[in-house]
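Okay, structure first, notes after.
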C-alpha cells in the first residue's frame, strides 16, 4: 500500500471475500452511458434574464442537475485549490489521522465507513469535510495556501448558491428572502474528495449512491471524471467540463479522481416544509428542522450503514 492512501483493502478484506455485492449490484451503474448535462451560461442573466432563469428551472426539474459556466470562480482559484488538495491527500496517512491534523475539529478527515457490514456500504475514498465556520481554525503555518484557496472558492460559491436558490424559489412558491434569513455563510460545508485507485472497481463504490443533505451542492470534478447520476431509473456518467461547475439540487429542495463539493445548507434551526403548502395543495412532507433531518440521517447510517433521507419525513 502507498503510504499516503488509507488502508481500505486491508481494512475491508473480510467484507470483500464475504460480500454478495457482485450478485446484487445494479449492473447499469457500472455500464452507465456518458451524458452532457444541461449547460447554463450565467452571463446571460444580465442579457436575457428570463430565458436563462427558465433554462435553470427546466434543468432542475428534468434532471435535478445542471452545469454552469461564467459562474464567477476563476480558473486560477480552481487550479490552486486542486493542486493544494492533491498535496493534502498525498501526505502520509498516519499524519492525516493525527488528532491535531491542520488544527481541525475531530472527524474532519474521513475515510471508508467504520460501521460497514457489507462492501456495498464502503466508500472507496477519503475526504476532508469542513464546516465553513471551521475553516478559520486551520493552522496557517501548515496550510496557508490551501486555506486561502478554500476561502476564495467558498466566497464565490456561497454567493452563487444563494443566487441559484433564489431563482429556483420563484417556481416553488418559496419567499426569496428565506435563504438570506436561514442560510448564513457559516451553516454551509465544503468537502474535498479523493478517490484512490481501486483494485476491484466493479465491486465497490467511490461513494455509495445517495442524495445530498443540502438545498444545493456545487461540485467541481477533475477531468478524470467518475461522477454519475440517476435519471428516470437509469445511471449516466457526467462528462467532465473544465470550465463548468456542476449544480445538484439536494434533499431540501425536492433529491484517482478528485472533487470539491460546496454544500449550501440552512442553519440548524431553520424550518423546512413542503412547498406545496404555499400553493394550498396537500403537503407531501411533515415540517422539520434541519437539525432534526441531520439527526435522523445519522441514526439511519449508524443503524444500517445507509442514508434513508426524505422518506423518513413523509406524512
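The values are calculated or read from the model by the stated rules, or taken from the named source; none is laboratory data. The structure displayed is predicted, hence computed values, not measured ones. For neighbour counting, all protein chains shown are included, and Cβ atoms are generated from backbone atoms with ideal geometry for every residue, glycine included.
For this structure, a couple of remarks:
- Within the range 80-103, at least one residue is touching a strand residue (DSSP E or B) at 6+ places or on another chain (Cβ under 9 Å), within 18 Å of residue 158 (Cα to Cα) and part of a helix (DSSP H, G or I).
- Condition check for residue 236: outside any helix (DSSP H, G or I), more than 25 Å from residue 179 (Cβ to Cβ), at pLDDT below 85 and assigned by TED's automatic domain parsing to the domain that holds residue 75: no
- Test: residue in the range 17-37 that is out of contact with any strand residue (DSSP E or B) (no Cβ under 8 Å at 6 or more places or on another chain), over 20 Å from residue 250 (Cβ atoms) and at pLDDT 90 or above: no
- Among all positions in the range 150-166, there is at least one residue which is in a helix (DSSP H, G or I), more than 19 Å from the chain's Cα centre (by Cα) and at negative phi.
- Residue that is modelled with pLDDT under 90, surrounded by fewer than 17 Cβ atoms within 10 Å (Cβ to Cβ) and farther than 25 Å from residue 209 by Cβ, where the choices are 100, 107: 100
- Leading residue by the ranking (modelled with the lowest pLDDT) among those in the range 260-299 that are touching a helix residue (DSSP H, G or I) at 6+ places or on another chain (Cβ under 7 Å), more than 16 Å from residue 215 (Cα to Cα) and not in a strand (DSSP E or B): 282
- Looking across 229, 168, one residue alone is at pLDDT 85 or above and under 30 Å from residue 84 (Cβ atoms). It is 229.
- Cross-chain or 6+ apart pairs with Cβ under 6 Å, the range 192-211 first and in the same structural domain as residue 79 (by TED's automatic domain parsing) and surrounded by fewer than 16 Cβ atoms within 10 Å (Cβ to Cβ), then modelled with pLDDT under 80 and part of a helix (DSSP H, G or I): 202/30
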